[in-house]
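Below is one structure; the comments refer to it alone.
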């Protein structure tokens, strides 16, 4: 097919490219307390936001046949999603459901279920990208540490806080410290040693806290947020390079169980564990405080995760925009002429640059970046 014919094909397929940056909020539906009857376990909700401060719409749930009383959410990569399952907190079970997400994030394909002896009532999880490790909170038996092998499969490494209650777990951006809550007013701090051991540091007791649950690290990696269900607050701490926490702003949010941020960090979402719903907050850049700006009606919330689509391959000339200049660059590369640095028209990796790759280019072009 000539370049002119392919250009005509694209023109008929694409009326224009979207410049908004949509993202997805993945929310476990986690009713308070023990939930012993599997018939009452809930799916995991997914909401699409058109962009920061944008309109919200519902996506297809992750069905309750693939999650088992879900509570926590963690990503190892943009397409590698884990959901932590409580199993009612009283059945002596706990597990991780693993999913593969399509490039646009709309399709979540169930990969399988991961268990470990003693890992009961999984709550929050935290991925440590520095050492390719997943930390998993068990409701009454501490923190489990999984490392990923060469095949990308999680292998149990060790456990700490054995026999102790936990709810939330987070990792410092350096990968050297972990933070743990246990439905109390205490944040435990641990140094993660290179040999796989941990060393407990001085705990933090935020004034006014009573039932601390899940954490979130800010998009800029400077702050650690922790939600408190009973005091209906979100505490923001400044993290030092040495793992120390300094309390800053406190935000009021009913039944706060977990926190998430838009990819640009300008909007905050706080889940209500007791009454249901997601409260939306906007960052006042002048005064550095979060102000309430909206509400999304939902069932009782648990853990949050944000899916932000990876860089779009349709930006073929690497200028930050998706337009017909990208199409020109793509066609030249597709026809065997010089490709932009770092670009390969074989998008699906099958060893050939053909119309299967062109189809993927069209899908990405229509989605925009």
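Report the gain in length on full extension from residue 193 to residue 324: 0.36 nm times residue separation, minus Cα-Cα distance, nm rounded to one decimal.
Full extension of this stretch gives 42.1 nm more.
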Compute the angle between helix 355-367 and the longest alpha-carbon principal axis of the chain, please, reported from 0 to 90 degrees and rounded to the nearest 10. 60
Once each part is reduced to its C-alpha centroid, what is the distance from region 126-182 to region 244-288 in angstrom? 24
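Treat the count of other C-beta atoms within 10 Å as a stand-in for reagent exposure and order 213, 123, 100, 273 from fewest to most.
Numbers: 213 26, 123 29, 100 13, 273 23.
Fewest-to-most Cβ neighbours within 10 Å comes out as 100, 273, 213, 123.
Rounded to the nearest 500, what is the 222 nm mean residue ellipticity of the chain from helices alone, with -39500 (n - 2.57) per DSSP H run of 4+ residues and division by all residues?
-3000 deg cm²/dmol
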With Cα atoms, 0 to 90° folded angle of helix 3-13 axis to the chain main axis: 50
Rg and Dmax of the chain, Cα atoms, in Å? 22.0, 69
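Treat the count of other C-beta atoms within 10 Å as a stand-in for reagent exposure and order 137, 240 from fewest to most.
The most exposed by this proxy come first: 240, 137.
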May I ask you to sort 237, 75 by Cβ crowding, counting other Cβ atoms within 10 Å and putting the fewest first? 75, 237
In degrees, nearest 10, the alpha-carbon axis of helix 324-334 is tilted away from the dominant principal axis of the alpha carbons of the chain by 80
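Readers should treat all values here as calculations from the given coordinates under stated rules, not as data from a laboratory. None of the values given here were measured: they were computed from a predicted structure. Glycine gets a Cβ as well: all are built from the backbone with ideal geometry, and neighbour counts include every protein chain shown.
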